[in-house]
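Worksheet: the structure to be examined is printed underneath.
No lab work stands behind these numbers, since they all come straight from the coordinates. Given the structure is predicted, the values throughout are model-derived calculations rather than measurements. With ideal geometry, Cβ positions are generated from the backbone for all residues, glycine too; neighbour counts draw on all protein chains shown.
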Amino acid sequence: MVNDIALDELMELWRSFFQDSRNRPVDKFGKDFSAPKCSTCKGEGKIEIPEKGKLDENEPSEKVCPNCKGERVDSNNIPTYGDEIQKVAREYPEGERSIRVTWESVSDFNARLSSNLRWNLDETLNAAKNIVQEFIDEETKKRVRNEHRTKIGLDVVPMGIPGELYDVEISGLRKEHLYRTVRLKGLVRKATPVRPRMEIGLFECEWERHRNSYIQDFFTFEKPIRCTAETCKCTEFKLRDDLSQFIDSQKIEIQEYPEDLPPGAQPERLTAYFESSLAHKIQPGDRVAIVGIIKPKSQFQGRRQKSEFDIYLYAHSIDEKIGENESVIPTASELIEIKELAIQEDIAEKIRDSIAPTIFGMNWEKRALTLQQFGGVDKELPDGTRIRGDIHMLMMGDPGLAKSQLLRSAARIAPRGVMAAGKSTSAAGLTAAAVRDEFGEGRWTLEAGTLVLASGGIACIDEIDKMSEEDRSSMHEAMEQQTISIAKAGISAQLKSKCSVLAAANPRRSRFDMSMPLPPQVNMPVSLLSRFDIFFIIEDKPDPERDNMLADKIIESHRAGEELVPGEAINEDDLATRTLSGPIDSRMLRLYISYAKKLRPVMTAQAQTLIKEHYTDLRKRYHNTDDQDKTMPITPRQLESIIRLAEAHAKMYLSETVDVPHAQGAIELMDLFLNVTLRGDVDYAFFGVDSEQRKKDMDPTTLLVRIIKEGFNGQKGMDEQEVYDRMKNEGGHTKHDVEKYLSKLSEEGRLLKDGYDKWRPG
């Protein structure tokens with residue numbers, strides 16, 4: 001049963017709550033502000049503060065520093081809510097505009113107050129906002145009013161509300177949820193710009209200039225009917241917007257998580273309104289949990305009001321946000337478990353085996369996917385240039401090899417993963433679409449697509465080869481610059497797309513032919529293929545031993561999904577075979593990845609040297625005389641990929657530095673990519689051009705100079721006839737053409753003639 005508290009009592013409870021020194025303000029993560037530190041030992045000695053509700057009144061308020069023992073520190077000198085309110089008010093309107101309270105602290109202080117937060121959120125928080133004004137001194141109020149022509153408006157934002165009390169799915173909202181506090185989780189699809197909304201309008205009557213304050217309705221603008229002055233009967237008013245009170249307002253649209261929907265269901269959407277300090281806190285693509293009140297909104301057919309109402313969410317707090325720099329925050333015990341996992345020698349294998357445990361084999365692919373989850377370190381150079389840290393990966397293979405299943409598993413594990421199918425995805429669906437505001441305002445707004453929604457996580461695109469060329473070209477900017485430039489419907493904007501791309505593709509003719517180059521087989525341009533850091537070709541080759549193990553794995557997977565027959569005797573051994581799970585459960589794996597992604601390991605000098613030597617050795621190897629027919633297997637783009645993979649290795653071990661073992665792991669994976677996938681020939685894999693063809697396509701004068709340099713022994717030049725023969729064999733050039741090239745190069749001084757029929761370099 002709801003027990004509403006009278007307004008006077010409610011305000012008194014809030015006043016006592018803010019005055020009580022045991023109630024400490026919290027940061028944006030709901031953590032108490034730090035305790036005071038000893039000044040004598042430069043802050044090394046932290047002072048222990050009694051737990052809330054356990055302060056002994058007889059105990060002295062001063063504590064001896066446990067580090068230096070030399071100074072007594074006032075333990076009551078802890079930031080209180082009164083101090084926090086004054087601090088925020090002095091910085092207004094810059095900085096924070098809200099005072100955060102946790103559900104736990106309010107419940108510990110007064111159970112009736114926390115109950116009122118649950119059942120009467122609007123009135124309870126409005127009372128708290130009024131009490132906050134009492135803690136702001138008049139001098140600060142006057143300064144803000146004079147400098148900014150506004151009054152100080154600070155919100156009270158509840159945090160850490162237990163989900164079991166409020167959690168509701170958007171599709172599960174019914175009439176009984178009207179005017180109730182709920183917490184809705186969803187994906188932000190679009191957001192309007194922040195606009196001022198008139199909260200209190202000030203009107204002057206036309207006769208005697210009496211001023212009338214009128215509280216405005218949330219959706220409509222209303223004027224007073226008659227003047228409030230006793231002697232005035234004026235019914236005509238002029239709005240004084242310069243003296244009216246405004247509040248920041250923003251409208252967003254959230255939808256249910258697509259991955260949580262049953263097959264065939266469409267994700268439902270809901271409009272949420274944010275005001276004051278909450279405006280402009282979230283962006284399209286954010287995954288949020290919003291606490292607020294469900295309210296009805298009238299619908300009209302022409303001028304006639306319909307009996308059917310819309311619903312919307314009036315937000316009071318953002319209880320959880322998973323953005324680019326914010327993610328799942330582990331508890332103290334979970335953090336200990338994460339660090340214990342990191343020191344295990346086989347942690348890399350455990351993480352690999354925890355990704356899609358029902359899929360047999362694919363160890364190398366899972367290893368690369370593991371590193372993609374952690375990602376490298378993005379960097380911004382002094383000249384403003386950005387180097388991406390996200391790793392792009394492509395899997396190409398024969399049909400029926402569980403590529404799609406692997407993508408879905410990666411999307412579920414990633415702190416932010418978005419899944420899309422290439423065949424049913426357009427360029428607007430990938431980037432952003434310009435749509436008209438559905439609420440009659442007539443403005444065009446941008447609705448985020450897959451690559452924007454996945455910012456800070458992984459965008460998984462299945463059957464990328466089935467996309468049209470025009471739609472696929474929209475990915476180029478997002479994959480390299482990690483931005484999406486939009487110029488539609490009068491809107492010119494640049495959206496963030498800081499995400500890793502995990503894509504899967506099938507060959508055109510159902511099976512791969514490794515004797516042919518890749519692009520003609522996968523229907524993908526080289527410009528897109530070259531943007532992937534690493535990709536794998538998965539072939540379906542008959543192997544009796546492997547096929548037998550694969551069959552066992554598939555049967556085991558089906559067995560795990562079977563339901564027990566009612567009344568059947570439970571066999572523990574049989575039941576154990578029905579569970580297919582990895583060494584690390586999915587929640588802990590998400591927490592581990594989320595925690596590791598925030599690290600920014602620095603590469604050591606030894607790791608730098610190892611990567612540099614590997615790169616230069618590969619380049620030198622193919623410049624040797626004996627290997628003239630071989631191609632260049634590595635380019636600067638692959639070098640950058642090695643660096644990103646090495647940084648991801650370091651993150652996986654929660655290391656602050658990129659050491660030699662991390663670099664060796666990255667080199668091993670890149671060598672596999674170059675030698676197995678590309679068969680040691682980048683040009684042929686991408687372009688279908690082998691060494692012989694490259695020689696033929698070489699500039700004839702360059703080829704001629706090279707041939708003569710090779711034939712010159714340091715004493716006498718190369719025979720002219722031998723020059724003709726080699727030019728014909730290597731480039732297909734006639735004697736007549738070679739004579740013209742020799743004459744030209746001789747005039748330029750690049751070649752010199754020795755005697756009658758000898759040539760040497762100039």
Ranking S171, G285, S213 by how far each Cα lies towards the positive end of the charge dipole of the stretch 165-322 (+1 on Lys and Arg Cβ, -1 on Asp and Glu Cβ), the top one is S213
Rounded to whole Hz, the Karplus (6.51, -1.76, 1.60) HN-Hα couplings of the stretch 729-744, x for glycine and proline: 6, 8, x, x, 8, 7, 4, 4, 5, 5, 4, 5, 5, 5, 5, 4
Please turn the phi angles of the stretch 396-403 into ³J(HN,Hα) values with the Karplus equation 6.51 cos²θ - 1.76 cosθ + 1.60 (θ = phi - 60°), one per residue in order, whole Hz, x for glycine and proline. 10, x, 5, x, x, 10, 6, 5
log₁₀ I(q)/I(0) of the stretch 384-541 at q = 0.16 Å⁻¹, via Debye over equal Cα point scatterers, no solvent, to two decimals? -0.89
Based on the alpha carbon coordinates of the stretch 165-322, what radius of gyration and maximum Cα-Cα distance (Dmax) apply, in Å? 19.6, 68
Simple spin-label estimate for T220/A6, 7 Å along Cα→Cβ, in nm, reads 3.5 nm
Compute the signed sum of charges (Lys and Arg +1, Asp and Glu -1) over the other residues within less than 11 Å, Cβ to Cβ, of K423. -3
R600 versus Q133, label points 7 Å from Cα toward the beta carbon: distance in nm? 4.3 nm
Would you please give the residues with an amide H less than 5 Å from that of R183, counting only those at least 5 places away or on a separate chain, with H modeled from the backbone geometry? D167, V168
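Return the FRET efficiency for the residue pair F360, S333: r is the Cβ-Cβ distance, R0 is 41 Å, and the value is rounded to the nearest 0.05.
Values: r = 34 Å, r/R0 = 0.83.
Taking R0 as 41 Å, the efficiency between F360 and S333 is 0.75.
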Rough spin-label spacing in nm, given labels placed 7 Å along Cα→Cβ, for V168 and Q19: 3.7 nm
Residues with amide H under 5 Å of T102's amide H, sequence separation 5 or more or different chain, H placed in the peptide plane at 1.01 Å from N; which? M159
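Calculate how large, on average over all directions, the projected area of the Cα convex hull of the stretch 97-141 is; give the answer in nm² to one decimal. Intermediate results must be reported in sequence, preceding the final value.
Working: hull surface 14.3 nm².
The Cα convex hull of the stretch 97-141, projected and averaged over all directions, gives 3.6 nm².
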